[in-house]
Amino acid sequence: MTSPSTGKDTAMAQVIDKRVTAEIEGDFVVFLIGMRINKLWKVRTWLPVFFAMPRMLRELEDRPESGFLGAGQYMGSPRRPMLVQYWRSFEHLEAYARNHDAVHWPAWVAFNKRIGSNGDVGIWHETYLIPAGSYECVYNNMPSIGLGDATNLVPAAGRKATAAGRAGVRDEPYPDGAPTEGIEV
């Protein structure tokens, strides 16, 4: 499978054989967006919605100044594709959504004219504004994925050895008695 945001073949991606975490300076935004095919037989209705997102992602990747950091595709089921997107700020995300010259605007207008609220296909999104240092993630024996793919990966060691430390909740040592063989803490 090829990542829609990076073009990388995620099935063959290089596994990072250590514990790492994502590191990003400042605030950022996590944007979840998806669709639900409510009437599978109405292919002409939902297929344009399905194909609109890859065009938007290609456009965003070609515009680093857009504030788009990256995205990963996830399938709840074949009827519910979803993307997790990472943005530098809400202002960047909103500027793209409202830009009449960008791919999103005409796709949004076309959806509302062609489908509106007829029930054939649903679309949704959720936006999370993440304050600097208020996130936590860890990847072990994984290729670059998620926030780690959109930002920088660093060892999940030292103050970043525990979930609380990575989330900035508290500084704490790695738990006594927790296995440390083969991992950096």
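Each value in this text was obtained by applying a stated rule to the coordinates, not by laboratory testing. Computed from a prediction, not measured in an experiment: that's the story for all the values here. Virtual Cβ from ideal backbone geometry, glycine too; neighbours counted across all protein chains shown.
Could you work out the relative contact order of segment 73-123? I mean the mean sequence separation of Cα pairs under 8 Å and 6+ apart, divided by the number of residues, in percent.
Details: 21 pairs, mean separation 7.5, N = 51.
Relative contact order for segment 73-123 comes out at 15 percent.
Is it possible to state the helix-based mean residue ellipticity at 222 nm for the chain, with each DSSP H run of 4+ residues giving -39500 (n - 2.57), the sum divided by total residues, to the nearest 500 deg cm²/dmol? What is it?
Taking each H run of at least 4 residues, the total per residue is -7500 deg cm²/dmol.
Given Cα pairs under 8 Å that are at least 6 residues apart, what percent is the relative contact order of the chain? Numbers along the way, then the final one.
Working: 317 pairs, mean separation 65.1, N = 185.
Averaging sequence separation for qualifying contacts and normalising by length gives 35 percent for the chain.
Which value in Å does the Kirkwood hydrodynamic radius of segment 22-73 take, with 1/r averaged over all unlike C-alpha pairs and then inverted?
Working: mean 1/r = 0.0744 Å⁻¹.
Taking the inverse mean of 1/r over all distinct Cα pairs, segment 22-73 comes out at 13.4 Å.
So what are the radius of gyration and Dmax for the Cα set of segment 1-154, in Å?
Here Rg and the maximum Cα pair distance are 16.4, 50 Å.
Quick check: net charge around Ala164, other residues with Cβ under 13 Å of its Cβ, Lys/Arg +1 and Asp/Glu -1?
Net charge in that neighbourhood comes out at +1.
Cross-chain or 8 or more residues apart, Cα under 21 Å: how many lysine pairs in the chain fit that? Count them up, please.
Lysine pairs meeting both conditions in the chain amount to 4.
How long are the semi-axes of the ellipsoid equivalent to segment 97-185, from square roots of 5 times the Cα gyration tensor eigenvalues, in whole Å, largest first?
Equivalent ellipsoid semi-axes, largest first: 42, 14, 13 Å.
Among Val103, Ala156, Tyr139, flag the residue with its Cα farthest along the positive direction of the charge dipole of segment 98-156, charges on Cβ as +1 for Lys/Arg and -1 for Asp/Glu.
About the Cα centre, the residue reaching furthest to the positive side is Val103.
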